[in-house]
Amino acid sequence: MDFKYKRPVITPCQIDKSLIPDESKQINVLIQMKNDNKSDDTIRFTRKALSLLSRRASLSEPESVKAFIAQMEGTDGYRRNLCIAYNRYCKFYQIEWKMPFYEQEAKVIKLPTKEKLVMLISSAQRPLSIKLQISMEAGLRPVELMRLKAKDIDLDHNAVMPTTAKGGNPRAVKISNNLKTSIEQWIRDNKLNPIDRLFHGTGANYGYSYRGMRNRLAQKMSDPTIKSIGLYDFRHYFCTKTLRDSGDPFFTMCQMGHKKLKTTQLYMHLVNLESDEWTCRAASTKEEAMNLIEGGFQYVTDIDGVKLFKKRK
């Protein structure tokens, strides 16, 4: 979120709260968040949250804000996020209040089929199709994907190295030759320098363009279930596939950029939902076997001097 306000940083002691309109008070908080290097998505949600609260309660009266949040419709997770946004406002203006406790509900992660995810990618135009393929093959969060720079693509090793969001550990994730070729062509076509962003816009822009394409496809296919597939479902697919193929929750945690193994374990129940159908290939030479392994096939056995490999469909 780019702010055009050219004003010095304002501290609470410099402010006479009674002389500042509510909207300006909110802007001061957002400017301070920008100065504190908060993410654009965090600033955007805080702006929306404070705007909502100011329309339904007085921001200078914590009890009225607490009463509105308690009585509003929505999940406890959303109430919790509103409280966190208002807490920033209170800290900036030194307003005393006791933040109520709302526990984040455990999310039930649903897994769309691979076929529907591939259909969505095929229906998208560049650069959306490239973004979705990165989301599916590397499991990046939307905000991580939109922060990618050209130098974050290791073309020599077919890997993506995102700046991990949410304080997670750095990671390098392998991608297919087809995706590497698409990204390489995109970099050439747009004459990107190493420090240039791979894509313009924010995670919110990415979500907006994806939902428009997805909804048009759902209407075209007369399949309302497609509308339920969100951007994070591409990340969920990556996590489940990595967990299933590796059998290693710790490795999967590192590939996802999770800080805690407990987060990765939320996907364990999805592993057995994947298709049990396999594609089988045979290799009679070392080169054929190497190509199959690079394509994700697993060695099974030898029969009559031929090596057999398999990969889930």
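Once both labels are positioned 7 Å from their Cα atoms along Cα-to-Cβ, the gap between ASN177 and GLU115 label points is 2.7 nm. Straight-line cross-link reach from LYS307 at under 19 Å between alpha-carbon atoms covers these aspartates and glutamates, not counting any fewer than eight positions away in the same chain: GLU287, GLU288, GLU294.
Divided by 2.2 N^0.38 Å, where N counts the residues, the Cα radius of gyration of the chain comes to 1.22. Modelled spin labels at MET72 and LYS220, positioned 7 Å past Cα toward Cβ, are 3.7 nm from each other. Note on the range 12-92: with charges restricted to the Cβ of Lys and Arg (+1) and Asp and Glu (-1), its dipole about the Cα centre is near 120 debye.
Cα-Cα over 25 Å: which of LYS149/LYS311; LYS110/LYS220; LYS174/LYS241? Beyond 25 Å: LYS149/LYS311. Structural descriptor for the chain: relative contact order 13 percent, calculated from alpha carbon pairs under 8 angstrom and at least 6 residues apart. For LYS116, the aspartates and glutamates whose Cα comes closer than 12 Å to its Cα, not counting residues fewer than 8 places off in the same chain, are ASP223, ASP233. For the chain, the dipole from Cβ point charges (+1 on Lys and Arg, -1 on Asp and Glu) about the Cα centre works out to 760 debye, to the nearest 20.
Taking every alpha-carbon pair under 8 Å whose residues sit at least 6 apart, the range 114-262 reaches a relative contact order of 30 percent.
Of the peptides 232-239, 76-83, the order by per-residue mean of other Cβ atoms within 10 Å, starting with the highest, comes out as 232-239, 76-83. Put the Cα centre of the range 168-204 next to the Cα centre of the range 59-112 and the gap is 36 Å. Selection among PRO162, GLN71, GLY295 by position relative to the dipole of the chain gives GLN71 as farthest towards the positive end (Cβ unit charges, Cα centre).
Every read-out reported here was derived from the displayed coordinates using simple, explicitly stated rules and does not represent laboratory data. A quick note: this is a predicted structure, and the numbers were derived from the prediction, not measured. So basically every Cβ, Gly included, is an ideal-geometry build from the backbone, and we count neighbours across all protein chains shown.
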